[in-house]
Every structure is written in structure tokens, then in C-alpha cells.
Amino acid sequence: MSVTTFAPHTEARLSLARKVADAVLFEGYVLYPYRASAAKNRLRWQFGVLVPPGWGADSQEHSFQHTECLLEPKTGATLAVELRFLRARRRTVERAREDGGFEPVPELRLADRVLVPWDEGVEERVEAVVPVAELLAGEVTIPFERPAGTERETVLDEEGRTVGRTLHRHEPLAGRLRLRAPELDGPYRVVRLTAVVENTSDWIPPSGRAHDRDTALPRSLVAAHLLMAVDRGAFLSMTDPPQWAKSAVAACRNLHTWPVLAGEPGRADVVLSSPIILEDHPAIAPESPGALYDATEIDEILALRTAALTDEEKREARGTDQRAAAVIDLADSLPPEVMERLHGAIRGLREATAPTGATAPTATTAPVATTVAAAGFPDEHGVPQPDTPWWDPASDRGFDPAHDSVLVDGRPASAGSRLVLNPGLRRTDAQDLFLHGRTATVEAVLHDVDGVVHLAVVADGDPGADLRREQGRYLYFQPDELSWPPEAT
């Protein structure tokens with residue numbers, strides 16, 4: 001076993017997977033509007049936080065991650081492992097005094113930015129290359145430490161004069177990576193690769209701060225995840241394994257993380273084990289102009305809203321973090337042709353019509369934004385479909401929202417019908433759940449481009465009902481989320 005930098009061929013195979021891993025590393029790092037003063041940026045580091053074991057015993061956080069996946073190694077196979085995480089570096093701001101000293105301040109205002117205290121995320125890596133034969137023989141442990149330290153950076157104004165400084169303090173951190181790969185019984189040569197990441201720091205929170213998360217974060221592994229690559233062999237998908245491996249996959253134990261195939265599509269030699277559940281071979285959308293760091297980001301909305309921040313808000317964002325400053329600069333510089341690409345994309349098309357006498361595809365099996373039900377066939381709720389595709393303007397002629405009807409519990413419902421709301425957990429947010437059991441009046445029956453039927457309703461007793469009708473701002477539910485009231489049955 002050796003701990004070293006990776007060989008060029010291994011580095012090349014990991015480079016594509018690292019693009020997605022970078023998104024995992026900085027998921028939710030700094031949220032719009034990218035200012036430290038924003039309430040949403042006061043509780044940070046939501047994913048993959050491995051705290052010191054002395055602090056996490058009575059908290060919602062954990063001190064370890066446990067990954068298990070299946071690997072089919074060939075003779076002489078070598079496993080390359082890269083543990084990646086952020087280390088919180090606490091920044092304080094000081095102002096220069098006339099006597100040459102410095103004093104702490106809550107902010108330091110400059111012409112182009114406003115510096116404030118902030119926890120910066122510094123990327124850390126632990127790399128190891130281990131022959132699979134060693135993992136078959138027993139457990140391999142790779143300890144690592146990061147010492148405490150303080151870095152000072154002088155702050156100059158626009159005329160080059162010293163007006164303050166920032167202090168960046170690291171707390172000590174210790175951890176270990178444990179690897180093993182016992183061979184499984186069966187006709188195929190398969191091993192269960194186990195990788196455990198642990199925070200082993202012996203820090204104990206000071207008295208009275210046992211549940212103060214801010215004290216533990218500088219000694220934690222933040223957004224911890226693993227990249228693993230095999231040079232001779234292949235990993236098995238944990239989400240779509242071959243039939244013969246399904247029972248072995250089900251027996252794998254994954255705690256606080258989930259492994260997926262990563263890297264080049266069609267290959268199975270790289271795995272990303274992430275605290276965020278992903279699908280196999282995840283990828284960054286090619287339209288994305290750059291990292292925006294906001295969890296579940298929607299590039300177009302974030303770019304437009306960021307560009308619309310006031311100059312003062314942008315100054316504070318630039319002083320919050322270098323990555324926040326990069327987002328501000330990116331939003332201010334995006335040309336119109338790039339913004340247009342963010343408005344939507346079709347990833348693929350397939351034939352969705354059926355020959356005469358065939359069963360029309362249902363909305364639950366149709367791909368989003370690309371499919372309509374078969375021409376001339378009724379959908380699952382008995383509503384006839386148009387003979388023209390959704391992109392043809394003539395397709396709208398077959399619909400009349402004010403007079404169309406749809407089957408609810410086997411009975412037709414249309415505008416004016418009074419129904420009971422039963423929001424379904426499949427596609428409902430928390431606000432809709434408050435309406436469970438309420439009655440509502442149907443205002444229109446609508447069809448989207450996927451052939452899915454929606455009922456626009458106004459809840460009975462809603463004080464804003466007239467305003468909703470005037471502006472056309474309704475609540476929308478699908479037929480299986482509605483039922484007839486008892487008196488109507």
C-alpha cells in the first residue's frame with residue numbers, strides 16, 4: 001500500500017467524475033443572495049459533515065461514513081481512492097489603528113467590497129493507491145492529520161494603503177480511511193468493497209457549548225465524499241445491478257453516503273460515494289455557465305436574480321467569499337446568447353404514438369417535456385387526445401378548459417364542480433398538504449404538453465378567491481388527488 005499522487009492514466013479517468021464531485025463538494029456552500037448577512041447563510045454545511053466523535057454523540061450529525069459496493073477485480077487490480085472534503089477556515093476581520101496595531105471589527109468597508117467574518121471552505125484531499133490483493137488479505141487503514149495554523153492577509157485600499165487585515169485560522173483535524181474487500185461466495189469473482197471515513201479528532205467541546213455546532217465545524221470534515229477507481233476490473237451498479245447480483249447488492253450497508261457509477265458513460269471503473277443521492281453517471285448540464293453553489297440551483301433564475309442585486313448587495317457578496325465574488329462577476333458578464341441557452345433543453349426524443357388498436361402510453365411512463373399521448377386515443381382519465389402534436393399551434397383547437405371534463409372517481413368533473421382535495425405525496429409540497437380534506441371549486445380543466453390533465457381550482461372559503469379568479473392564479477391538482485364529497489355520491 002502506498003499514499004501518493006495518482007498516475008496520469010488514473011488521473012485522466014477521475015477528471016470527468018471530479019466535475020460532478022466538485023458540485024457535491026460545494027453543494028449549498030453559499031446561497032443566493034451570496035451575502036454572509038443573509039439568514040440562509042447563517043446555517044451552513046448541510047451535507048456530509050463528519051464531526052468529532054466527542055461532539056456528535058448527542059446530535060443529528062455523524063462522525064463517520066460507511067460505503068459498501070461490489071467490485072469485479074481482475075488479477076493484479078489496483079484501487080485508487082480519493083477522499084475529498086472541505087475544512088472550515090474561520091476568518092476574522094481587523095481594522096488598522098493609527099498606532100500601527102489592529103483591532104477586530106464586524107466589517108471593513110472598501111470601495112469594491114465589504115469584508116465580514118466568515119467561515120471559508122478549503123478543499124482537502126487524501127489519496128491512496130492500494131493493490132486489491134492487500135484488501136482481500138485484510139483491512140488497510142490510512143490515517144491523516146491536519147495541523148492548526150493561522151494565516152494573515154493585509155488589506156489595502158484603492159490607493160495601496162494598509163487599512164486592515166484578515167486572520168484565517170485552521171483548527172487541528174484528524175481522521176482515517178479504512179478499506180477492505182472480502183471476496184463473496186458464488187460462481188463469480190466479486191468482492192464487497194468497504195470504505196469507512198472517520199473523524200478521529202479527540203476534541204471535546206468546552207463546558208456549556210456541547211450543542212454549539214459552530215464550535216465543532218472547524219474540526220469537522222465537511223461535504224466528505226469518496227472517488228474510487230479500479231484499473232483492472234469493474235464496479236457493479238448499486239441502483240441497477242445484474243439479476244445475479246441483486247441479493248448481494250441488497251446486503252451492502254451504506255450509511256450517510258451512497259455510491260454510484262461515475263466518470264465516462266458506458267464505463268464502470270469509477271465510483272463516486274456521495275452524501276447526496278445521485279443516479280449512475282451523473283453529469284453537469286452542458287448549458288451551465290459556471291458554479292453557482294446554491295443547493296439545487298436553477299441557473300437561469302439565479303443568474304437573473306444575482307445580476308439584479310443592488311451595487312451595495314454585490315459589494316457585500318464580493319467581500320463574503322471569493323466564490324461568491326466569482327458568481328457576481330459571472331452574472332454581470334453573461335452574454336444574451338448564454339442566457340438563452342439556460343431557458344430550457346430537450347435531452348432526447350422518442351416516438352410516442354401507437355398504431356391503431358394499441359394502448360396509448362400513460363403520463364406516468366412518458367418522458368418529461370417530450371411526449372404526448374397517442375393521437376385519437378383517450379388518456380387514462382377518458383379525455384380524447386388531439387390528432388396533432390403539442391408543438392403544432394393547431395393542437396390547442398381540440399381543448400376548451402371552460403367546458404372540458406375529466407373523470408374523477410369514475411364521474412366527469414368540469415368547471416363548477418365541487419371536489420374534495422386529497423393532495424398526493426408524490427408531487428405535493430408542504431403548502432398543499434394544509435389543504436387536505438378541504439373542498440374546492442373547479443375553474444378549468446387543463447392539459448399540458450405531456451398529455452397530463454390538471455384541474456385548476458379555488459379552495460372554498462379562500463378570502464382571496466375573487467383575486468385568484470381575476471388574475472388566473474389557481475391551485476392545480478391532478479384527478480387522482482381529488483374526490484367527490486359524500487353528499488355528491
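Observations on the model:
- Here the stretch 183-194 is the region considered, the condition is being part of a loop (DSSP other than H, G, I, E, B) and more than 32 Å from the chain's Cα centre (by Cα), and the residue that is nearest to residue 63 (Cα to Cα) is 184.
- Leading residue by the ranking (least open to solvent (accessible area, probe 1.4 Å)) among those in the stretch 121-164 that are outside any strand (DSSP E or B), in contact (Cβ under 8 Å) with a residue 12 or more places away in the chain and within 24 Å of residue 322 (Cα to Cα): 157
- Single residue of the stretch 7-24 satisfying the filter (within 19 Å of residue 257 (Cβ to Cβ) and hydrophobic (A, V, I, L, M, F, W, C)) that is most open to solvent (accessible area, probe 1.4 Å): 23
- Those residues of the stretch 460-484 which are open to solvent by 80 Å² or more (accessible area, probe 1.4 Å) and either in a helix (DSSP H, G or I) or aromatic (Phe, Trp, Tyr) (or both), in sequence order: 466, 467, 469, 470, 471, 476, 480
- Of the residues making up the stretch 103-118, those that are in a strand (DSSP E or B) and surrounded by fewer than 19 Cβ atoms within 10 Å (Cβ to Cβ) are 103, 104, 109.
Listed here are the residues, each with its yes/no results for (1) farther than 16 Å from residue 436 by Cα; (2) without any contact (Cβ under 8 Å) to a residue 60 or more places away in the chain; (3) β-branched (Val, Ile, Thr).
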position: 458; (1), (2), (3): no, yes, yes
position: 461; (1), (2), (3): no, yes, no
position: 467; (1), (2), (3): yes, yes, no
position: 473; (1), (2), (3): yes, yes, no
position: 477; (1), (2), (3): no, yes, no
position: 485; (1), (2), (3): no, no, no
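- Residue in the stretch 235-248 that is under 17 Å from residue 83 (Cβ atoms) and either basic (Lys, Arg) or at pLDDT 95 or above (or both) present: no
- Tally, over the stretch 25-41, of residues that are outside any loop (DSSP other than H, G, I, E, B) and open to solvent by less than 10 Å² (accessible area, probe 1.4 Å): 2
- Scanning the stretch 284-316 for residues that are open to solvent by 30 Å² or more (accessible area, probe 1.4 Å) and in contact with a Pro (Cβ under 8 Å, 6 or more places away or on another chain) yields 305, 313.
- Residue list for the stretch 294-331, restricted to those being among the charged types (D, E, K, R) and at pLDDT below 90: 294, 297, 299, 300, 305
- Filtered residue count, the stretch 72-106, keeping only those that are more than 29 Å from the chain's Cα centre (by Cα) and either of a type in the set (Phe, Trp, Tyr) or over 29 Å from residue 146 (Cβ atoms) (or both): 15
- Test: residue in the stretch 224-242 that is under 30 Å from residue 43 (Cβ atoms) and open to solvent by 10 Å² or more (accessible area, probe 1.4 Å): no
- So residue 70, is it surrounded by 14 or more Cβ atoms within 10 Å (Cβ to Cβ), hydrophobic (A, V, I, L, M, F, W, C), without any contact (Cβ under 8 Å) to a residue 60 or more places away in the chain and more than 30 Å from residue 309 (Cβ to Cβ): no
- Residue satisfying all of: in the stretch 42-65; among the polar types (S, T, N, Q) and crowded, with 22+ Cβ neighbours inside 10 Å; nearest to the chain's Cα centre (by Cα) among these: 65
The values are calculated or read from the model by the stated rules, or taken from the named source; none is laboratory data. This structure is a prediction, so every number in the text was calculated from the model and none was measured. Note that each Cβ is placed from the backbone with ideal geometry, even for glycine, and that neighbours are counted across all protein chains shown. To get the accessible areas, we keep the full protein, side chains included, count just its heavy atoms, and leave off ligands, DNA and RNA. Shrake-Rupley method; radii C 1.70, N 1.55, O 1.52, S 1.80 Å.
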